[in-house]
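All remarks here apply to the structure that follows.
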Amino acid sequence: MKTAEWQYKRNQGRIALEYNTLKKHKSILKIIYIMETIYELPSEKGYTIYTKSQCSFCVKSKTLLKAEAFTMIDCDEYIIDDKDSFLQFIEGLIGKSYRTFPMIFHDGKFLGGYAETKEHYEKACAFADAFSNEFADM
């Protein structure tokens, strides 16, 4: 195995291990160090949107979730500084390659992009409405 290939696999494993360790111990630490760059982890409460400028689906996602508490993480600098390292970080978080924006998490769990988030949000709103209507009838 070539050195670069070994380092890549080693870094992938370290990312996943560190993230799982943080989640397991519910640490308040919200950053992770990878190759001298600091990336912010998704929030354990509410929505987290990894966004970039000039992204129409990022704007749609922020509009969709405007009534909710959400954390927005601007990724422009990450992409300019080291796009591959950032995408490797995301892959370590979600367990698969994902290269489009926005990247949205809810309560620390990956949802997907705008379409997946819209579906999730609409279901959550419908459930909340049904639940509140059930108690209103009592």
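Within the group T48, T63, which residue is within 21 Å of D107 (Cα to Cα), under 11 Å from the mean Cα position of the chain (by Cα) and polar (S, T, N, Q)?
Only one candidate passes the filter, namely T48.
Kindly list, by first and then second residue, each pair from a residue in the range 38-60 that is without any contact (Cβ under 8 Å) to a residue 40 or more places away in the chain to a residue that is surrounded by fewer than 16 Cβ atoms within 10 Å (Cβ to Cβ) and in a strand (DSSP E or B), limited to pairs with Cβ atoms under 7 Å and residues at least 6 apart or on different chains. Note: pairs meeting the criteria are I38/I31; E40/I31.
Test of understanding: among Y78, Y114, which residue is farther than 20 Å from Y39 by Cα and touching a residue at least 24 places away in the same chain (Cβ under 8 Å)? Outline the logic, then answer.
On the way: Y78 fails: farther than 20 Å from Y39 by Cα.
Unique residue meeting the criteria: Y114.
Selection over the range 68-93 of residues that are aliphatic (A, V, I, L, M), surrounded by fewer than 18 Cβ atoms within 10 Å (Cβ to Cβ) and outside any strand (DSSP E or B) gives a count of 4.
Among the residues of the range 54-67, the one identified as surrounded by fewer than 11 Cβ atoms within 10 Å (Cβ to Cβ) and either in contact with a helix residue (DSSP H, G or I) (Cβ under 7 Å, 6 or more places away or on another chain) or among the basic types (K, R) (or both) is K66. In the range 114-123, the condition of being more than 20 Å from E44 (Cβ to Cβ), surrounded by fewer than 14 Cβ atoms within 10 Å (Cβ to Cβ), modelled with pLDDT under 90 and more than 18 Å from the chain's Cα centre (by Cα) is met by no residue.
The values are calculated or read from the model by the stated rules, or taken from the named source; none is laboratory data. Quantities reported herein were computed from a predicted structural model and do not represent experimental measurements. Using ideal geometry, Cβ is built from the backbone for each residue, glycine included, and neighbour counts are taken over all protein chains shown.
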